[in-house]
Amino acid sequence: MIVKKHLVISIGTKTPSIKMETKMESDLPNRNQEEIFPPKPILFGVLNITSDSFSDGGKYLREDLALAKAKSLIEEGADVIDIGAQSSNIKAEPISEDIEWDRMKEIISELKKEKVAISIDTFRPYVIRKALEADVDYINNIRGFVDPESLDLLKVANNKSTKFVAMFSQDHSIKASEFSDLKPENVVPLALEFFRERTKTFESLGLADRLILDPGMGFFLSPDYKVSFAILSKITEILSEFPNLMVSVTKKSFLGNALGGLPVEDRIVPTAISETYLWSKGVRMIRTHSPKSFLLAMKTWEMSHGVYSPQRGLQGPGPFGTSSYRP
């Protein structure tokens, strides 16, 4: 119901008087059950098998703990497990490509037995080749496949179904940085320019339909939190040209810095709000540490608009035989 207020002016012999009349209008269609929301995004659950990731470094280096974390992410509603064995935060130290692959290969094997969709977060050609040989579902490259070695590997990927996530960052290096030339006013044009160039490159490889683009966030863009928020504020513009987008805001520095220096453990609510905003704008893929937090926020948003969808609620057994929260 919409309330409209009209000004009514009474003209007398002296000074006009002004009073407010309120009209209750109910002739507009009820949008409650007709409200249309975007589909639930594909959720990439973050599994860091690292010693120095900013949020959970060292927690899942043991195979049994990593598999338990993967199971937990799926129970929360993750559609894909995104496995990273080389941290990319600003203080991370590089490990060898052999160690990187050794950390994840058994996890991949076990998850494939359960028919879990797998994404490998790597920028190293050796690990990309191994991941392709293992028939993973996604390869998520923070460098955006800018190096010739990685592109050469993709030239022979036509006979596979693997999709490729190319991320934009301020210098396409192997980790985030405390230094950046990106500013709120130039980050979106530069990201769009990079996306156009990547699209042309993948078209030349016959892989354009398997390209997913990621605008990068946090220190991948700039220590200035306003740069990441510039991406968020223009996400509709980015989506209008590149709808096949994955975004990862999960617990990132820009959220903490913008809100007075929140530590990582206090960024769950800002993360869920940002992810809900991205979903509401039509982002198709979201990479997150907490699928459940996002899904609860999404359901709350829907119900706050009067939309109740039982079929998007709790479902039955997931791949590990336990119930999954899957809107």
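Counting only residues that are under 25 Å from V249 (Cα atoms) and open to solvent by 60 Å² or more (accessible area, probe 1.4 Å), how many does the range 76-102 have?
Residues that pass the stated criteria total 3.
Criterion first (over 17 Å from the mean Cα position of the chain (by Cα) and in a helix (DSSP H, G or I)) does T300 satisfy it?
Working: over 17 Å from the mean Cα position of the chain (by Cα): yes; in a helix (DSSP H, G or I): yes.
When the stated conditions are applied, T300 passes them.
Counting only residues that are in contact with a Leu (Cβ under 8 Å, 6 or more places away or on another chain) and either assigned to a loop (DSSP other than H, G, I, E, B) or open to solvent by 10 Å² or more (accessible area, probe 1.4 Å) (or both), how many does the range 214-223 have?
Final tally of qualifying residues: 3.
From the list A166, A157, A134, which one is hydrophobic (A, V, I, L, M, F, W, C) and under 22 Å from the mean Cα position of the chain (by Cα)?
Values: A157 fails: under 22 Å from the mean Cα position of the chain (by Cα); A134 fails: under 22 Å from the mean Cα position of the chain (by Cα).
On inspection, the qualifying residue turns out to be A166.
Please tell me if L153 is open to solvent by 30 Å² or more (accessible area, probe 1.4 Å) and farther than 20 Å from A131 by Cα. Spell out how you get there, then give the answer.
Working: open to solvent by 30 Å² or more (accessible area, probe 1.4 Å): yes; farther than 20 Å from A131 by Cα: no.
Criteria not met by L153.
Being among the polar types (S, T, N, Q) and more than 13 Å from the chain's Cα centre (by Cα) is the filter here; which residues of the range 234-250 pass it? Working first, answer last.
First pass over the range 234-250, keeping only residues among the polar types (S, T, N, Q): 236, 240, 244, 248, 250.
Result: T236, S240.
Mind listing whichever residues of the range 200-213 are open to solvent by less than 10 Å² (accessible area, probe 1.4 Å) and either over 18 Å from the mean Cα position of the chain (by Cα) or under 13 Å from L190 (Cα atoms) (or both)?
F202, L207
Looking at V249, V269 in this structure, which one is assigned to a loop (DSSP other than H, G, I, E, B) and either modelled with pLDDT of 95 or more or touching a Leu at 6+ places or on another chain (Cβ under 6 Å) (or both)?
Working: V269 fails: assigned to a loop (DSSP other than H, G, I, E, B).
The unique qualifying residue is V249.
Could you tell me whether any residue of the range 251-261 is among the hydrophobic types (A, V, I, L, M, F, W, C), more than 22 Å from V188 (Cβ to Cβ) and open to solvent by 30 Å² or more (accessible area, probe 1.4 Å)? Talk me through it step by step, then tell me what you get.
The first filter runs over the range 251-261 and keeps only residues among the hydrophobic types (A, V, I, L, M, F, W, C), leaving 254-255, 258-259.
Keeping just the survivors that are more than 22 Å from V188 (Cβ to Cβ) gives 259.
Add one more test, that the residue is open to solvent by 30 Å² or more (accessible area, probe 1.4 Å), and what stays is 259.
Yes, the range 251-261 contains at least one residue that is among the hydrophobic types (A, V, I, L, M, F, W, C), more than 22 Å from V188 (Cβ to Cβ) and open to solvent by 30 Å² or more (accessible area, probe 1.4 Å).
The values are calculated or read from the model by the stated rules, or taken from the named source; none is laboratory data. Since the structure is predicted, the reported quantities are computational estimates derived from the model, not experimental observations. Counting neighbours? That spans all protein chains shown, and the Cβs are built from the backbone with ideal geometry, glycine included. Surface accessibility is based on the protein's heavy atoms, side chains included, excluding ligands, DNA and RNA. Shrake-Rupley method; radii C 1.70, N 1.55, O 1.52, S 1.80 Å.
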